[in-house]
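Enquirer: Mind having a look at this structure? Questions to follow.
The values are calculated or read from the model by the stated rules, or taken from the named source; none is laboratory data. Just so you know, these numbers come straight off a predicted model, no measurement behind them. Cβ: placed from backbone, ideal geometry, glycine included. Neighbour counts: every protein chain shown. To get the accessible areas, we keep the full protein, side chains included, count just its heavy atoms, and leave off ligands, DNA and RNA. Shrake-Rupley method; radii C 1.70, N 1.55, O 1.52, S 1.80 Å.
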Amino acid sequence: MSLKLVILGVLDYQNVHPYDVKRFLKHYDWNYLFQINDAKIYYAFDSLLKNDYISVAKVVENEKTPTKTVYAITEKGRAQIEKELYKLFKKDILSYKTLYPALLFSDYADKYKLLFYLNERKNAVSRELELSHERAADKTANPENAATALIIKNAIQHLKADVDLLDNWIARIETGTFNGNIREEMAEFFG
């Protein structure tokens, strides 16, 4: 998962404290998709800050609560959003959750470049699906009741679902019916 993409996308909409990103992900039940915790969020913010993708917008001091640092995206960070999105297409094709941040923030991408990466990913997943079918057919190496046969069967189901997702995503982009509504959801959440 690219927590950095999520953070940059949120900061492109509004300056926030790291905890606000966590609340945003939890509000839409996306936290189970991304398996985040406070340490990962703060580490990602720190990394983005060190690379000048974000900056400190303000520090809020309050006697009753700890000091709160609010961050803003930089121009370099805005340019990085699209790069972070495309990185996700090159990640492990067997990890189906890697594309979810790209799906959420795909309205930041160039349409034709996005279609290129989607088709490239679909071809890689399709190749892996074909190889998995071949492995499943090899009853000598993977007898029907063996654990490996069950694993391969599960991999085939995930790979088919990924191909379906990619086909659907590509078709919606090509027909102009895809609506990456993440900005609407950010507007609703952050008001």
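Enquirer: For the stretch 84-108, how many residues meet the condition of being open to solvent by 20 Å² or more (accessible area, probe 1.4 Å) and not polar (S, T, N, Q)? Quick ask: steps written out before the conclusion?
Expert: Of all residues in the stretch 84-108, those open to solvent by 20 Å² or more (accessible area, probe 1.4 Å) come to 87, 90-97, 100, 103-104, 107-108.
Now restrict to residues that are not polar (S, T, N, Q): 87, 90-94, 96-97, 100, 103-104, 107-108.
The number of residues fulfilling the criteria is 13.
Enquirer: On to the next question. So Lys26 clears everything in (1) over 30 Å from Gln157 (Cα atoms); (2) open to solvent by 10 Å² or more (accessible area, probe 1.4 Å) except one condition, right? Which one?
Expert: (1)
Enquirer: Could you list all residues from the stretch 60-74 that are touching a Ser or Thr at 6+ places or on another chain (Cβ under 7 Å), in a loop (DSSP other than H, G, I, E, B) and either open to solvent by less than 80 Å² (accessible area, probe 1.4 Å) or modelled with pLDDT of 90 or more (or both)?
Expert: Thr74, the sole residue that qualifies.
Enquirer: Could you check the stretch 124-177 and list, in sequence order, the residues that are part of a helix (DSSP H, G or I), over 30 Å from Asp107 (Cα atoms) and open to solvent by 40 Å² or more (accessible area, probe 1.4 Å)?
Expert: Within the stretch 124-177, Glu130, Leu131, His133, Glu134, Arg135, Ala137, Ala147, Thr148, Leu150, Ile151, Lys153, Asn154 qualify.
Enquirer: Next question. Report, by residue number, each residue of the stretch 109-123 that is in contact (Cβ under 8 Å) with a residue 12 or more places away in the chain and surrounded by fewer than 17 Cβ atoms within 10 Å (Cβ to Cβ). Let's see the steps before the verdict.
Expert: We begin by selecting, within the stretch 109-123, every residue in contact (Cβ under 8 Å) with a residue 12 or more places away in the chain; these are 109-111, 113-115, 117-122.
Those that are in contact (Cβ under 8 Å) with a residue 12 or more places away in the chain and surrounded by fewer than 17 Cβ atoms within 10 Å (Cβ to Cβ): Asp110, Lys111, Lys113, Leu115, Asn119, Glu120.
Enquirer: Just to be sure before I move on: is Tyr112 among the aromatic types (Phe, Trp, Tyr) and over 30 Å from Ile151 (Cα atoms) in the structure I sent? Let's see the steps before the verdict.
Expert: Details: among the aromatic types (Phe, Trp, Tyr): yes; over 30 Å from Ile151 (Cα atoms): yes.
When the stated conditions are applied, Tyr112 passes them.
Enquirer: Still on this structure, please answer the following. What number of residues within the stretch 37-59 satisfy the criterion of being among the aliphatic types (A, V, I, L, M), open to solvent by 60 Å² or more (accessible area, probe 1.4 Å) and assigned to a strand (DSSP E or B)? Don't jump to the end; show me each part of the working.
Expert: First pass over the stretch 37-59, keeping only residues among the aliphatic types (A, V, I, L, M): 39, 41, 44, 48-49, 54, 56-57, 59.
Now restrict to residues that are open to solvent by 60 Å² or more (accessible area, probe 1.4 Å): 39, 56, 59.
With assigned to a strand (DSSP E or B) added as a condition, the list becomes 56, 59.
The qualifying residues number 2.
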